[in-house]
């Protein structure tokens, strides 16, 4: 149990900006990202006793991402069902409807590949996953990432290099084929 909310407050203070950034990156809406952040931490509070406490950071990241993706999916369906479109949905384009659908499917395939890459990377080497996520996805300056990870900057560079090489070796062909279409 979270003792008198002290543990929860510490976790919240440590990860609230990460959760907010993930929620905003996936939803594209600041207000929605704030709601997702609240929902994510509410779920943490509810399920804290049943969780593996060694992976709270990744749990928060994944939960916020899933809330945001579900929000976008729900909004897309609501727009289509209601027939109401705002300027962000209307596309001024000479592309045919078929081309637009194919591009959307390709974008979904890319998103699924990126998710598989991150999952595989986390399973392969947790330090590589942390280094890639913090440096490239969350765009935290590398000296600060090295400090957060408790390593020298040169070691971080080595981790990033090895992780990128592994990703290219493992997923390079699939990535190239997806982007060739």
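The values are calculated or read from the model by the stated rules, or taken from the named source; none is laboratory data. Keep in mind it's a predicted model, so treat the numbers as computed, not measured. Here the Cβ is made from the backbone with ideal geometry for all residues, glycine too, and neighbour counts use every protein chain on show.
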Any hit, the stretch 163-179, residues being modelled with pLDDT of 85 or more and within 20 Å of residue 21 (Cβ to Cβ): no
Residues that are more than 11 Å from the chain's Cα centre (by Cα) and in contact (Cβ under 8 Å) with a residue 12 or more places away in the chain, drawn from the stretch 36-58: 36, 37, 39, 40, 41, 43, 44, 45, 48, 49, 56, 57
Within the stretch 125-146, which residues are part of a helix (DSSP H, G or I) and loosely packed, with under 14 Cβ neighbours inside 10 Å? 126, 143, 144
State which residue pairs qualify: first residue at negative phi and inside the stretch 116-142, second residue in a loop (DSSP other than H, G, I, E, B) and surrounded by fewer than 20 Cβ atoms within 10 Å (Cβ to Cβ) in any location, beta carbons under 6 Å apart, and separation of 6 or more residues or different chains. 134/140
